[in-house]
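Everything on this sheet refers to the single structure shown next.
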2 protein chains.
Amino acid sequence: MDNKYITAFAPASIGNLAVGFDMLGLAIEGAGDRVSVRKVSEKGVSIKEIYDLNGNPHAGLSKNSNENTASIAAQALWQAENGQDGIEMLIYKGIPLQSGMGSSAASAVAGAVAVNALLDSPLPIAELMPYVLEGEKFASGGIHADNVAPSLIGGMVFCPPSYLPKITSIDVPKNISSVLVHPDLIVNTEESRNGLTNNYSMSQWLEQQSYLAGFLLGLQHNDLALIKNNMHDVIIEPQRVGSVVCFDDIKTSAMEMGALGCSLSGSGPSIFALCENDIAPDVKAKMMDIFNSNNINSQGWVSPLNSSGAYVES
Amino acid sequence: MDNKYITAFAPASIGNLAVGFDMLGLAIEGAGDRVSVRKVSEKGVSIKEIYDLNGNPHAGLSKNSNENTASIAAQALWQAENGQDGIEMLIYKGIPLQSGMGSSAASAVAGAVAVNALLDSPLPIAELMPYVLEGEKFASGGIHADNVAPSLIGGMVFCPPSYLPKITSIDVPKNISSVLVHPDLIVNTEESRNGLTNNYSMSQWLEQQSYLAGFLLGLQHNDLALIKNNMHDVIIEPQRVGSVVCFDDIKTSAMEMGALGCSLSGSGPSIFALCENDIAPDVKAKMMDIFNSNNINSQGWVSPLNSSGAYVES
């Protein structure tokens, strides 16, 4: 039995993207999780170790393979494809937990992509969606693909629940970058989701759907004014920003600097902005400055909109 | 003073288009209103006559220029552009009233486009939006552009209230046609609008906005499966179809024949379908057959998705 580890990388991602709650996500560059797998004689998927950002055993995650998105996704794929023997897994967390950066999604994707490489006939990457969704289901308590889909195939992805496991890649302009800043604060996705109201008026609903449609048409036509005029979340953002100090300051500053839009990444606490490439580094620095002036450490990334998805490293 | 009449034609249109309530509309070919105007010495806009489909004086419309969308739009433009003297207007209704085909919108558009041609410096056609909206406001009691916008500039138009008077033309595939069938039934748009509930759940709202976005991406990629999977109205259609007999039969038949989607045009009673060009005539015939077998006369049209907007005829 070939006993070498195969390692897959899966990037972090921005869920919701202001206008597409639960149905729009964007891969980012430079942050992600890695999962290494190898075949072993013992049946099933076992997690040998989970490492934190510093390379130490992770203090916050269980090694029970029924309680980690990487092993759950891996196991679902392995079973569906009748993989023989068992799998031993190492997980390297590169994304902070509950950061709004798709941490659990990236683990699920890296787990599935790594195990896929162990199959005699690996599946095309988009066909891993049903399995990574199994992982995400464990993490968020529902079927939401706005992190797993971009982490899997890269770029910006339209992935509404009604069409899953099919997903649609969105053509994106090359002159726009994403900026993502993660402050050292923690927000629980499931609690954040459960805290949302379920009462909306028809006019709110119409306004929000017009923003999603206008945003997509703006991307299609590379019409910066149309993008900017539609990058609004009048439904979710107002209910969630209270949990992220400095949000209003950061958004105001980003928009004053010329950003096309700025909102929470997923349920936060990370904040993202879209802007033209040339101002992206300055927007990132400004966002981090504001956190810093509030005594909050942060990390930031600038990515193209067509940032790559998951891949096998070795 | 040049005393010749100038005549403008403005096409009928399909409002809402199943997925874009109040924000998406489509021009159709072969039906529309005409408005003829000429300068006269008496100030203001006066309606000399309104003709019905048979060329007789119209029994159902007032000649008071404050009570017709054509004259209201014309007057708004004439005043804004400081038109000298007055205007005498003839209106030729080619679209049945309260048909769901944008009858009042086409009159407003034809009125504005005709008067625009009388100006020393006519405006670009899209800049007539504020004036045609004045007409539509009178007709529907609100600012809804999903009929005036396509009637004015043609094709398929994204025109949400939040972005008016700006509108966005949508790139459309050439292999898809619209089918529109108008039965001899009457539905009042304003009453239909007021009868809508204002309570929607978050999941309904998310589902519907995903359909609008998926429909637009389907058009962009000419992905027929994506268009078909998203041409659903789970919000408005269920509340309105009860007023149009045969709707369920017609929709079922159209879909069985291979249509991509079928819904009410505006608030009905007209019904439209989108389908590939080759089956469009048969779908139209089938829809009319079903009305006929219910002892309801109907008229039908097949149009390309990029059907032309309003123009000056003479």
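The values are calculated or read from the model by the stated rules, or taken from the named source; none is laboratory data. All values reported here derive from a predicted model rather than from experimental measurement. Cβ sites come from the backbone with ideal geometry, for glycine too, and all protein chains shown count toward neighbours. Heads up: the accessible areas ignore ligands, DNA and RNA and are worked out on the full protein's heavy atoms, side chains in. Shrake-Rupley method; radii C 1.70, N 1.55, O 1.52, S 1.80 Å.
Scanning the range B:118-147 for residues that are small (G, A, S), in contact with a Gly (Cβ under 8 Å, 6 or more places away or on another chain) and either closer than 19 Å to B:L61 by Cα or surrounded by fewer than 24 Cβ atoms within 10 Å (Cβ to Cβ) (or both) yields one hit, B:G135. Restricting attention to the range A:141-163, the residues that are within 14 Å of chain B (Cβ to nearest Cβ), at pLDDT 95 or above and either in a helix (DSSP H, G or I) or more than 27 Å from A:G258 (Cα to Cα) (or both) total 4.
Just to be sure, is A:P173 open to solvent by less than 20 Å² (accessible area, probe 1.4 Å), out of contact with any strand residue (DSSP E or B) (no Cβ under 7 Å at 6 or more places or on another chain) and not in a helix (DSSP H, G or I)? Taking the combined requirement at face value, the residue satisfies it.
Criterion applied to B:L164, B:L260 was being under 17 Å from B:N16 (Cβ atoms), touching a helix residue (DSSP H, G or I) at 6+ places or on another chain (Cβ under 8 Å) and in the same structural domain as B:L24 (by TED's automatic domain parsing), and the one residue passing it is B:L164. When you go through (1) modelled with pLDDT of 90 or more; (2) under 28 Å from A:E136 (Cβ atoms); (3) of a type in the set (A, V, I, L, M) one by one for A:M257, which number turns out not to apply? For A:M257, the exception is condition (2).
When the range A:17-71 is filtered for residues that are in contact with a His (Cβ under 9 Å, 6 or more places away or on another chain) and more than 30 Å from B:L212 (Cα to Cα), the ones remaining, listed by number, are A:A31, A:E49, A:I50, A:Y51, A:D52. Within the range B:282-303, being out of contact with any strand residue (DSSP E or B) (no Cβ under 6 Å at 6 or more places or on another chain) and either open to solvent by less than 50 Å² (accessible area, probe 1.4 Å) or without any contact (Cβ under 8 Å) to a residue 24 or more places away in the chain (or both) holds for B:A285, B:D289, B:I290, B:N292, B:S293, B:N295.
Matching residues to (1) within 14 Å of chain B (Cβ to nearest Cβ); (2) touching a residue at least 24 places away in the same chain (Cβ under 8 Å); (3) not hydroxyl-bearing (S, T, Y):
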{"site": "A:G20", "(1), (2), (3)": "yes, yes, yes"}
{"site": "A:L26", "(1), (2), (3)": "no, yes, yes"}
{"site": "A:S41", "(1), (2), (3)": "no, yes, no"}
{"site": "A:L61", "(1), (2), (3)": "no, yes, yes"}
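Considering only residues that are open to solvent by 10 Å² or more (accessible area, probe 1.4 Å) and either in contact (Cβ under 8 Å) with a residue 24 or more places away in the chain or among the small types (G, A, S) (or both), which ones fall in the range B:265-281? Result: B:G266, B:E276, B:N277. Of the residues in the range B:184-196, at least one is in the same structural domain as B:K286 (by TED's automatic domain parsing), under 20 Å from B:G266 (Cβ atoms), open to solvent by less than 30 Å² (accessible area, probe 1.4 Å) and not in a loop (DSSP other than H, G, I, E, B). Among the residues making up the range B:202-251, those that are surrounded by 18 or more Cβ atoms within 10 Å (Cβ to Cβ) and small (G, A, S) are B:S210, B:A213, B:G214, B:G218, B:S243.
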